[in-house]
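First the structure, in the form of structure tokens, and then the observations on it.
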Amino acid sequence: MTATPPPGRPGPGDKAVAFLKQRWLPLVLLVVAIVFVVQNRDGTTISFLFLEWSSPLWFTLALVLLVGVAIGWALKGRRGKP
């Protein structure tokens, strides 16, 4: 016979289900990010003006994403203003 928790008191399985219901999107995004990094480990060379450096492709793309987010954040206050 299995023991059931008293009414109004969640069991261990209920806590796990509640956690997954609340955090499913971050978990999915974490898995997507891990797959992205694993698939983009090849090196790439970046040239900008007189500078040139090599880094993994995933790092280069993540850096460009962060620069874009920073620009968007900096310009968000200017939306709709002349």
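From the list 77, 8, 43, the lone residue that is modelled with pLDDT of 85 or more and not β-branched (Val, Ile, Thr) is 43.
Determine, yes or no, whether residue 17 is more than 20 Å from the chain's Cα centre (by Cα), surrounded by 11 or more Cβ atoms within 10 Å (Cβ to Cβ) and not small (Gly, Ala, Ser). Let's see the steps before the verdict.
On the way: more than 20 Å from the chain's Cα centre (by Cα): yes; surrounded by 11 or more Cβ atoms within 10 Å (Cβ to Cβ): yes; not small (Gly, Ala, Ser): yes.
Answer is yes for this residue.
Flag: residue 53 matches the condition of being at pLDDT 85 or above and outside any helix (DSSP H, G or I).
Taking residue 47, is it more than 30 Å from residue 20 (Cα to Cα), among the small types (Gly, Ala, Ser) and touching a helix residue (DSSP H, G or I) at 6+ places or on another chain (Cβ under 9 Å)? No; evaluated as a whole, the condition is false for this residue. When residue 53 is tested against (1) under 15 Å from the mean Cα position of the chain (by Cα); (2) surrounded by 10 or more Cβ atoms within 10 Å (Cβ to Cβ); (3) hydrophobic (A, V, I, L, M, F, W, C), just one condition goes unmet, and that condition is (1). Considering the conditions (1) touching a Pro at 6+ places or on another chain (Cβ under 8 Å); (2) surrounded by 10 or more Cβ atoms within 10 Å (Cβ to Cβ); (3) modelled with pLDDT of 85 or more, residue 35 is excluded by exactly one of them, (1).
The values are calculated or read from the model by the stated rules, or taken from the named source; none is laboratory data. Quick caveat, the model's predicted, so the values are computed rather than measured. All Cβ positions, glycine included, derive from the backbone under ideal geometry; neighbour counts span all protein chains shown.
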